[in-house]
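Engineer: There's a structure below that I have some questions on.
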Amino acid sequence: MTDPTSVRAGARRPQRYLPMQILLGFLVIYFLVPFWWVIVNSSKDAPGLFGGGNTLWFTDQIDYLGNLEQLFTYDGGIYLRWILNSTLYAIAGGVGATVLSVMAGYGFAKYRFAARRFSFAVVLGALMVPATALVIPTFIMFSRLGLTNTVWAVILPSLLNPFGVYLMHVYARDAVPDELLDAARVDGAGEIRTFLQIALPLMRPAVVTVLLLSAVASWNNYFLPLAMLSDNRLFPVTVGLGLWQGIASANNSGGTSLWSLIILGSLVSVIPLVIAFFSLQRHWRGGLSVGGLR
Amino acid sequence: MTVLTEKREPRTQPKTRKIRGKVHLREHLMGWFFVGPFGVVFLAFLIAPLGYALYLSLFQKKLIGGTSFVLFDNYVKAFTDPSFLSGAWFVIRFSLVSIPLQIILALAMALILDAVTTLFARFSRLMIFLPYAIPTVIGAVMWGFLYSKGFGPLTDIFGLFGATAPDFLGSNLIFYGLLNVVTWQWAGYYMIILYAALQGIDPTLYEAARMDGAGRWQVATRIKIPLIAPALILILVFSLIGTLQFFNEPQILRYLAAGTIGADFTPNMYAYQQAFSLANFNYGSAISFALGGIVFICVYAFLFFTRKRRSFL
């Protein structure tokens, strides 16, 4: 850490700082090692995995296709079901949470309604409530209503995203000028049309950010579905792979084929989100700075 | 409550709202129209479970005599229960080490990436952020493999030097094993938030500082870091909330680290065990609520002490 900053005056040509780049190189290796291990080892069959040899390099036998076939046919294709479940939970939870957050954030920012300050303070307080503290009571509530072990048990609690409301509030307050909204009203646009056609386009970077963050939160969720679901055909991929891992660890000898499925299953399960993040990069980066700057 | 705020609110209105009266009622209605749907979800899935947990935690179920009202007995039990206390102590200890580590690492990476503008730096930024896209469960599974004696490279690498590989799943090193998983998972996310904040700083400030003879190190410590203090506080709060409710990683590594990680390793795991393995919902709720309370108080105290810095709240 001798010289980590630049003065942007010279920003026209790239700033190089070779020692810093070498340091970055080491960091990149650290962050990529687990991926590398998974990519290498999902090419191996059970003897290749357990037969010793270099665990960070390929064996002579590279069999992705065979392993993939095994993964997707094991136990009647349950893995594909888990992936589809995760997709459903991520999309339903993500889109639902985003719609609610965008509306609420806009409402808090642009209307002076009764009990606004109090409600917003309560929402901010809710940022500090740990989500997992809610899982057990929500489970008991749902079991009284007969909702446990259904997709709703996972989707409905995912709709709650106080941070999304906070982010949208800040963004709507700063990026949507009141004058513009008033002008639209004077021109005879209704409140809802003003929101949809004037405010929403201006809020797009934050909307994409909130959508991505809530979809990721749903996709990555483990504790909630673990508690809510007992039918393994409803599991998301996180809970499913956790289940496999428990089984494979419990019977060390019989679980050998399961280990290679878990390794490849981990790899396949991260691909959708990695693609989503990279392809939407330009959109979410602008929105992410909002939460931190104010 | 409503009446009070109603009277006070108009004073804070922007000047552009000219017409009072009719518009006023409409504004209330439209405001609630936009906030209402979230409000319903908020009541149903946050307020109601919290209230319900509090209610449940005041009862005890006994084999003989059924369920009875015991007021705070469950809390007294929790705060004298060695399982809960050792779990709570673990997450507090873990927070004290892991949060500073992650934030310092994230800050250093963000400052470097803000300064170095080559193609490789941009590539590194993405790669460092990549673990955030990985579910914590999968991250723990991956590191579990790397740690394990059977599949992991550690045995080979240390074998080259004739040394025995450290066992990050053993009871001596599990703290560091988890520390590494958590740092790997979150440092990149925090880095991106800090990086976004750094990019938002007006570059003319650096120019001015340089005119005054500030070196690059001084620009970093005197200008960049103070200006992104709100973002630092934001990620501190997030990591504090996340770490105190630690669950996924130890729960997953439990399978691999047989015997090292007990069912009461963290308070959250203990609550889960009480509720789902032992069907002891009253005590499980009490632990959840106590943990939620601890988190809330810690975060609130933290924000209170840093409020001068114009935090995000």
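Engineer: Within segment B:134-150, which residues are of a type outside the set (Gly, Ala, Ser) and within 18 Å of B:GLU249 (Cβ to Cβ)?
Structural biologist: If the condition is that a residue be of a type outside the set (Gly, Ala, Ser) and within 18 Å of B:GLU249 (Cβ to Cβ), then B:ILE134, B:PRO135, B:THR136, B:VAL137, B:ILE138, B:VAL141, B:MET142, B:TRP143, B:PHE145, B:LEU146, B:TYR147 are the ones that fit.
Engineer: Right, here's the next one. Could you check B:MET191 against (1) more than 7 Å from chain A (Cβ to nearest Cβ); (2) in a helix (DSSP H, G or I); (3) over 23 Å from A:LEU27 (Cβ atoms) and say which number it fails?
Structural biologist: If we test B:MET191 against (1) more than 7 Å from chain A (Cβ to nearest Cβ); (2) in a helix (DSSP H, G or I); (3) over 23 Å from A:LEU27 (Cβ atoms), just (3) comes out false.
Engineer: So which helices (runs of 4 or more DSSP H) are wholly in segment B:66-157 and hold at least 3 residues that are polar (S, T, N, Q) and in contact (Cβ under 8 Å) with a residue 12 or more places away in the chain?
Structural biologist: It comes to B:82-115.
Engineer: Related question: Restricting attention to segment B:213-267, report how many residues are over 30 Å from B:ALA78 (Cβ atoms) and of a type in the set (S, T, N, Q).
Structural biologist: 2
Engineer: Taking segment A:67-86, which residues are free of Cβ contacts under 8 Å to residues at least 12 places away in the same chain and either outside any helix (DSSP H, G or I) or not acidic (Asp, Glu) (or both)?
Structural biologist: Within segment A:67-86, A:PHE72, A:THR73, A:GLY76, A:GLY77, A:LEU80, A:LEU84 qualify.
Engineer: Of the residues B:LEU160, B:LEU130, B:LEU154, B:LEU169, only one is under 17 Å from A:TRP37 (Cβ atoms), more than 10 Å from chain A (Cβ to nearest Cβ) and not small (Gly, Ala, Ser); which? Talk me through it step by step, then tell me what you get.
Structural biologist: Numbers: B:LEU160 fails: under 17 Å from A:TRP37 (Cβ atoms); B:LEU130 fails: more than 10 Å from chain A (Cβ to nearest Cβ); B:LEU154 fails: more than 10 Å from chain A (Cβ to nearest Cβ).
On inspection, the qualifying residue turns out to be B:LEU169.
Engineer: Applying the selection to segment A:55-66, what residues are of a type in the set (A, V, I, L, M) and either outside any loop (DSSP other than H, G, I, E, B) or within 27 Å of the chain's Cα centre (by Cα) (or both)?
Structural biologist: A:LEU65 - this is the single residue of segment A:55-66 that is of a type in the set (A, V, I, L, M) and either outside any loop (DSSP other than H, G, I, E, B) or within 27 Å of the chain's Cα centre (by Cα) (or both).
Engineer: Okay, moving on. Facing chain A (nearest Cβ under 9 Å), buried (at least 17 other Cβ atoms within 10 Å of the Cβ), under 23 Å from B:ILE134 (Cα atoms) and among the hydroxyl-bearing types (Ser, Thr, Tyr): does that describe B:TYR255?
Structural biologist: Spelling it out, B:TYR255 is indeed facing chain A (nearest Cβ under 9 Å), buried (at least 17 other Cβ atoms within 10 Å of the Cβ), under 23 Å from B:ILE134 (Cα atoms) and among the hydroxyl-bearing types (Ser, Thr, Tyr).
Engineer: Oh, and also: Quick one: count up the residues across segment B:153-176 that are within 18 Å of B:TYR255 (Cα to Cα) and in contact with a helix residue (DSSP H, G or I) (Cβ under 6 Å, 6 or more places away or on another chain).
Structural biologist: Result for segment B:153-176: 2.
Engineer: Can you tell me which residues in segment A:190-213 are touching a residue at least 12 places away in the same chain (Cβ under 8 Å), loosely packed, with under 14 Cβ neighbours inside 10 Å and closer than 26 Å to A:ALA90 by Cα? Spell out the reasoning first.
Structural biologist: Keep residues of segment A:190-213 that are touching a residue at least 12 places away in the same chain (Cβ under 8 Å), which gives A:194-195, A:197-200, A:202-213.
Restricting the remaining residues to those that are loosely packed, with under 14 Cβ neighbours inside 10 Å gives A:197.
Scanning segment A:190-213 gives no hits.
Engineer: Can you find a residue that is within 10 Å of chain B (Cβ to nearest Cβ) and of a type in the set (Lys, Arg) anywhere in segment A:78-89?
Structural biologist: no
Engineer: Another question about this same structure. One residue is enough: does segment B:210-229 have a residue meeting the conditions more than 8 Å from chain A (Cβ to nearest Cβ), on the phi < 0 side of the Ramachandran plot and within 19 Å of the chain's Cα centre (by Cα)?
Structural biologist: yes
Engineer: Go through segment A:92-118 and report how many residues are at the interface with chain B (Cβ under 7 Å from one of its Cβ atoms) and either in contact with an Asp or Glu (Cβ under 8 Å, 6 or more places away or on another chain) or farther than 20 Å from A:LEU181 by Cβ (or both).
Structural biologist: Total satisfying the criteria: 9.
Engineer: Give just the number: which of (1) away from chain B (no Cβ under 12 Å); (2) among the acidic types (Asp, Glu); (3) touching a helix residue (DSSP H, G or I) at 6+ places or on another chain (Cβ under 7 Å) does A:ASP187 not satisfy?
Structural biologist: (3)
Engineer: Among the residues that make up segment A:146-166, is at least one of them among the small types (Gly, Ala, Ser), farther than 23 Å from B:ASN268 by Cα, under 21 Å from the mean Cα position of the chain (by Cα) and part of a helix (DSSP H, G or I)?
Structural biologist: Yes.
Engineer: Scan B:ILE157, B:ILE128, B:ILE103, B:ILE112 and give me the residue that is over 25 Å from B:LEU234 (Cα atoms) and aliphatic (A, V, I, L, M). So that I can check it myself, show each step before the final result.
Structural biologist: On the way: B:ILE128 fails: over 25 Å from B:LEU234 (Cα atoms); B:ILE103 fails: over 25 Å from B:LEU234 (Cα atoms); B:ILE112 fails: over 25 Å from B:LEU234 (Cα atoms).
Result: B:ILE157 is the single residue among B:ILE157, B:ILE128, B:ILE103, B:ILE112 that is over 25 Å from B:LEU234 (Cα atoms) and aliphatic (A, V, I, L, M).
Engineer: A follow-up question, please. Out of the residues in segment B:56-65 meeting the condition of being without any contact (Cβ under 8 Å) to a residue 12 or more places away in the chain and not basic (Lys, Arg), tell me which one is nearest to B:TYR270 (Cα to Cα).
Structural biologist: Of everything passing the filter in segment B:56-65, B:LEU63 is nearest to B:TYR270 (Cα to Cα).
Engineer: Say we look at segment B:99-120 and pick out the residues that are among the small types (Gly, Ala, Ser) and in contact with a Phe, Trp or Tyr (Cβ under 9 Å, 6 or more places away or on another chain); which of these is farthest from the other protein chains (Cβ to nearest Cβ)?
Structural biologist: B:ALA106
Read the figures in this text as sums done on the coordinates, not as results from a lab. Model, not experiment: these values are computed from the prediction. Reconstructed Cβ throughout: ideal geometry from the backbone, glycine too, with neighbour counts over all protein chains shown.
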